[in-house]
Structure formats: structure tokens, C-alpha cells
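Participant: I'd like to ask some things about the structure below.
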Amino acid sequence: MIVVSDTSPVTALLQIDLCGLLRDLFGKVILPEAVHAELSRYHDELPDFFQIERVADPGKVIVLAATLDQGEAESIVLAEQLGADLLLMDENIGRQVASARGIAVTGLLGVLIRAKRAGLIHSVKDVMSRLQSEAGFYVSDDLWQAVLRRAGEC
């Protein structure tokens, strides 16, 4: 499975020491150079299951960067370039752009649901609580309840 990630899912999991979930679910995760640069500003070292890739056509990134940040734009272009099976991205506008381009997208909360279904975590609620308190990850009440329903926790 080819998985490309934007910054936010990775950095949030790094902040709560659960980044290994990505390795356990997907094996390797591919990061575009802009995402690697963003992560490197706040994290001294990244796990070795991350693979850094360069976007082949920077012109495509420039077009998307008019409405998205550099990391999001590179993530979408790289997912297209590699024929990725999945793009990890939390930002709504970026998700909409990726979906409109035919890219399968999930966010961090979708990753947590997958992790629970795979038996890698016991409680999505507990991990979401940690994300909010330790990583400043905001989840609206409606989304919180929807995620818990999908995870079978309410």
C-alpha cells in the first residue's frame, strides 16, 4: 500500500508517542520534502519508516499552493505522482482538493479508527483525549461523537 502524508497527522502522533501506529498500519509512509522540512523544525529525528520523496513536477505544486500551504500542495501532487492508495491529511480544504482529484483521503481520526479495528489501540476516545490535551488537536463535539460511533465506542 502506498501512503503519503501531510504534516498534521504525523506531528500529532509524534507528540503523543504513537507515531508507530503509522508503521504498524501501513509499513512505510512517504513524505514530500516540504512536509519533511516542516516536521524537522519541531522534531529532531523522524522514525526510519518515513521515506522522503521529491515532487517531479514543481509546477503542479505552484498551482495548488495558491490555495493550500506548501506541504498540503506537495502531498497531493506526490500522491498523484505515485498513484498512492491513501493520503493522510486533516485540513478540510486540502482534503476537498485531493478528493476532487480522485485521491483517497483520511485524516488522523480515520487512522485511529483503523488502528482500533486492527487491534493496535484499545480506545479511540482515550487517544483523542490525549491528542487534545497533549498535542492541542481540536475536535468539535459533533466530530468527536461521529468518530466514537464509527469506532463502536458509544
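Computed from the coordinates by the stated procedures, all read-outs in this text should not be read as laboratory data. Source: prediction; values computed, not measured. When we count neighbours, we look across all protein chains shown, and the Cβ atoms used for this are built from the backbone with ideal geometry, even at glycine.
Participant: Compute the acute angle (0 to 90°) between the alpha-carbon long axis of helix 141-150 and the principal axis of greatest extent of the alpha-carbon atoms of the chain; round to the nearest 10°.
Facilitator: 80
Participant: Considering every pair of different Cα atoms, what Kirkwood radius, in Å, is found for the range 109-150?
Facilitator: Hydrodynamic radius (Kirkwood, Cα only) of the range 109-150 equals 10.4 Å.
Participant: Can you put ILE52, ILE30, ILE2 in order, fewest other beta carbons within 10 Å first?
Facilitator: So the ranking, lowest neighbour count to highest, is ILE52, ILE2, ILE30.
Participant: Within a 10 angstrom radius of the beta carbon, how do MET89, MET1, MET128 rank from fewest other beta carbons to most?
Facilitator: Result, fewest neighbours first: MET1, MET128, MET89.
Participant: What's the extension gain from ALA146 to ILE93 if we count 0.36 nm per residue and subtract their Cα-Cα distance?
Facilitator: Full extension from ALA146 to ILE93 adds 17.1 nm.
Participant: List the pair-distance distribution P(r) of the chain, using every Cα-Cα distance, as the percent of pairs falling in each 10 Å bin from 0 up to the bin containing the longest distance, rounded to whole percents.
Facilitator: Histogram of Cα-Cα distances, whole percents per bin: 11, 42, 36, 11, 0.
Participant: Moving to a separate point now. Only Cα pairs within less than 10 Å get springs; with that Gaussian network setup on the chain, which residue of GLY94, GLY27, GLY136 has the largest fluctuation?
Facilitator: Of GLY94, GLY27, GLY136, the Gaussian network model singles out GLY136 as fluctuating most.
Participant: Follow-up. Mind giving me the FRET efficiency for ARG101 and GLN51? R0 is 25 Å, r the Cβ-Cβ distance, nearest 0.05 is fine.
Facilitator: It comes to 0.70.
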